[in-house]
Amino acid sequence: MSGLTALISGVCGQDGTALAAFLLRKGYRVYGLARWEPEAAEARLPSYLLQHDCFSFLSGDVTDGLFLARLIDRLAPDEIYNLAAMSHVAESFETPMATAQINGLGVLNWLEALRLHDAGAAVRFYQASSSELFGDAPAPQSEATPFRPCSPYATAKLFAYWSVVNYREAYGLFASNGILFNHESPARSPDFVTSKIVQGAIRVLSGRGAEPLRLGNLDACRDWGHAADYVRGMWMILRHDRADDFVLGTGRTHSVRAFAEAVFAELGVRLLWQGEGAREIARDAVSGRVLIAVDPALFRPVDVPCLQADAAKAAAQLGWRPEKTFSDLVRDMVRAAQVSAEGGQECVSNVYVQAA
Ligand code: G4F
């Protein structure tokens, strides 16, 4: 047993549930924080967590700095993982103010609470920074690459990133940024393109009358890894002997088009692409049926063209390397979505968090 206490904000999300399960297996006492009321949170949390003696759910918001200060007083955590965020890049263009409050000022609230706390410097603080910070900077991107954020989501995360660095340097806080590239899993919401493609492919192949799957920018390239590897990396960042900032990613990049091809191939279908831009479609290469159509309404005002990690620093200093491949990820997501489509969502969530 580690005997350590961790506090995770954003515990109901893909990373929050997997990190909570990972830390429980390491012997931590885990407090999971989210803005949901307990009943709503219970619907989002896998029973593995809810039934664990060393897990407790707490309702609260990172935009309330005094609440965070009182929480640190009451729980005396050894580690805080700030995963709470408005995590949808496209939506941030519609809600820039709320995004800045949560993704930017929410982080400052944690840092101020730690600065003013007697034992604040002894608490290890992890900030969920993002490869979105790099925006349109040339790939591959490392800790040394200048940031070029392309969305209200990314500009708010940039403020948070530099606040973490500033509080570390100015006040000696143990505060670290994990600059994580896209990471997915069976628990990913269909608001994100990977899960949307997986669920959409199963739906569209389930019946001849089904509408094609509608997607936006097919040319965007992302460094997609498996979330299980990344929650392990978050923990390794906080167990490092000093606070620092680390890029975590696989070093490989694929377009949205290539991800769709891999998913349909996993389901036994070869795609044939036709047309360009807003008129591009993908047909079943055998039957000719239209399975995917581009919908310009899904284009973003600005999109990040290509993300590809150079995670050499994390490999050298933390010994972190992803264990799961792109093919593992696609296969896991497709298998889980097939089980879920047959009514086994709770089973999928539990299997996923316990495997993380
Ligand atoms: O899956 P996405 O929505 O993820 P995005 O924007 O890269 O952000 C994710 O990863 C970041 C790390 O780099 C996190 F910080 C962030 O919180 C989030 O987890 O979109 C990926 C790409 C984009 O280029 C988007 O334009 O897919 C493109 N895309 C094409 N069609 C679509 C769609 N994205 C979504 N969500 N839905 C579509 O229909």
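At-a-glance table
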| quantity | calculated |
| --- | --- |
| Segment 302-347 - Debye-derived log10 I(q)/I(0), Cα point model, q = 0.29, 0.32 Å⁻¹ | -0.99, -1.06 |
| Accessible-area composition of the chain, carbon plus sulfur, in percent [1.4 Å probe] | 51 |
| Residue among Y48, Y161, Y171 with the largest mean-square fluctuation in a Gaussian network model of the chain, springs linking Cα atoms under 10 Å | Y171 |
| Paramagnetic reach from D136 in segment 82-98 [backbone N under 20 Å; point 7 Å along Cα→Cβ] | 89-94 |
| Reciprocal mean inverse distance between Cα atoms of the chain - Kirkwood radius, Å | 20.9 |
| Note, ³J(HN,Hα) from phi for segment 16-23, Karplus 6.51, -1.76, 1.60, rounded to Hz, x at Gly and Pro | x, 5, 5, 5, 4, 5, 4, 5 |
| Mean separation of Cα contacts under 8 Å (6+ apart) over length of the chain, as relative contact order % | 18 |
| Between 0 and 90°, nearest 10: helix 65-75 axis offset from the chain longest Cα axis | 70 |
| Evaluated over segment 189-254, the Cα radius of gyration and Dmax, each in Å | 17.2, 58 |
| Within straight-line cross-link reach of K313, lysines at Cα separation under 25 Å, skipping those fewer than 8 residues along the same chain | K26, K157, K324 |
| Equivalent ellipsoid semi-axes - Cα gyration tensor, segment 222-356, angstrom | 33, 21, 13 |
| The chain: angle of helix 326-341 to the longest principal axis, Cα-based, in degrees nearest 10 | 80 |
| Debye intensity ratio I(q)/I(0), log10, segment 69-216, q values 0.14, 0.15, 0.21 Å⁻¹ (C-alpha model) | -0.76, -0.84, -1.27 |
| Amide hydrogen neighbours beyond the local backbone of D244, cut-off 5 Å, H modeled | N177 |
| Gap separating the Cα centres of segment 20-35 and segment 211-236, nearest whole Å | 23 |
| Relative contact order [Cα under 8 Å, 6+ residues apart], segment 176-279, whole percent | 37 |
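The values are calculated or read from the model by the stated rules, or taken from the named source; none is laboratory data. Note that this is a predicted model, so its numbers are computed, not measured. Note that we place each Cβ from the backbone using ideal geometry, even for glycine, and neighbour counts take in every protein chain shown. For the accessible areas, the whole protein counts, side chains as well, though only heavy atoms, and no ligand, DNA or RNA atoms are used. Shrake-Rupley method; radii C 1.70, N 1.55, O 1.52, S 1.80 Å.
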